[in-house]
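Asker: The structure's right below; bear with me while I get my questions together.
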Amino acid sequence: MPRGPRLDAPGTLHHVMVRGLDRQTIFRTEQDREDFAHRLSKVCERTGLAVLAWALLPNHFHLLVRTGHRPLAAAMRRLLTGYAINFNHRHRRIGHVFQNRYKSILVEEDPYLLELVRYIHLNPLRAGLVSDLRALDRYPWTGHSALLGPVPRPWQAVTEVLSQYSKRLYAARRAYRDFVRDGLRQGRRPELQGGGLIRSAGGWQGVAALLRGRERWTADERILGGPDFVELMLQELAPPSPSKAVPVKAVLPVLIERISRAHGLTVAEVCGGSRRRDVVAARAAVSVLAVRELGLPLITVARTLGVSLQTVLAGVERGSQVLESRHLRPEALLVGLRKPKYPNNVP
């Protein structure tokens, strides 16, 4: 069965796996690994790619990345092409270095981000490249040592990961290491890399439960997430239909201005990236009305608000509660913004 096109959008989270051609070794020397890490840092700088986790194994590597202003494909092309050229030059060889098509999985952030960071960073230990967790703490060819501090990597998104555990650096590092240590007992976690339904259902036990209950779930090999997330991403990232186009430039700024005013905020505050509680609530209200009522693309809403796709998704989930708690009527906020509906007898 032919593989579908890659799913990508600014601010989305991806687990990327790249193998050497015919499983050949792609990191032979320390110089190879240094060159790869240097190139990865330059790719982050030029494309806005954020690397949350990474691990280099002899014949493959893992990345957990959030896309920036350039598509994932552009970032990976720059990384892989440059490395392959230098690798061949260093080792006096010709031909392909990597498999023709790398594997990338679009990830639902809340349930899987920390699980994938742990899974990726434990790979060198499970592969026998280091003897124990203490050795992994100092191992330079994974993002684990950067998170704990022994091997600083200025280009790695350390703060984004550690802030999930604590606002205090020491406490965050201790909690993160405890979390990684607990993962040693969990094995290889095939649900984090297997088929779409296996991942969406939370493993083989989840699939068995679905079969017993005769449930139908939406699943896709390119997505790691629950069925609602899978279905939403497939709809969101599908090619747009011109007949369903909404004049985004006209309606979204008006909606943001109305909700900002209702919350006692300025548009600049709502679109400025602040994490204040009132600003987050206003963004949630914008998200739910823009996506569910006006049918605007998540990507467009995220770009306009200056936040990630995952933030808009979270806002869609809690936006109705925000509107209700502030006694804001969607009908009033949406006056004049919906496209007029034709009577049934009008073609």
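Asker: Filter region 267-289 down to the residues that are on the phi < 0 side of the Ramachandran plot and modelled with pLDDT under 90, then identify the one that is surrounded by the fewest Cβ atoms within 10 Å (Cβ to Cβ). Let's see the steps before the verdict.
Answerer: In the first step, residues of region 267-289 are kept if they are on the phi < 0 side of the Ramachandran plot; the result is 267-272, 274-289.
Still in the list and also modelled with pLDDT under 90: 272, 274-275.
Details: 272: 14, 274: 16, 275: 8.
If we take residues in region 267-289 being on the phi < 0 side of the Ramachandran plot and modelled with pLDDT under 90, then 275 is surrounded by the fewest Cβ atoms within 10 Å (Cβ to Cβ).
Asker: A follow-up question, please. All but one of (1) crowded, with 21+ Cβ neighbours inside 10 Å; (2) modelled with pLDDT under 95; (3) within 23 Å of residue 124 (Cα to Cα); (4) not basic (Lys, Arg) hold for residue 21, so report the exception by its number.
Answerer: Failing condition for residue 21: (1).
Asker: Follow-up question, since we're still on this one. Condition check: surrounded by fewer than 18 Cβ atoms within 10 Å (Cβ to Cβ) and without any contact (Cβ under 8 Å) to a residue 60 or more places away in the chain. Does residue 131 satisfy that? Talk me through it step by step, then tell me what you get.
Answerer: On the way: surrounded by fewer than 18 Cβ atoms within 10 Å (Cβ to Cβ): yes; without any contact (Cβ under 8 Å) to a residue 60 or more places away in the chain: yes.
Here the answer is yes, as residue 131 does meet what is asked.
Asker: Taking interchain pairs and intrachain pairs at least six residues apart, which have beta carbon atoms under 8 angstrom, with the first residue in region 144-165 and closer than 21 Å to residue 129 by Cβ and the second in a helix (DSSP H, G or I) and among the basic types (Lys, Arg)?
Answerer: Hits for this filter: 145/138; 147/173; 148/173; 148/177; 149/173; 150/138; 151/138.
The values are calculated or read from the model by the stated rules, or taken from the named source; none is laboratory data. Note that the structure is a prediction, hence the values are computed from the model and not measured. Here the Cβ is made from the backbone with ideal geometry for all residues, glycine too, and neighbour counts use every protein chain on show.
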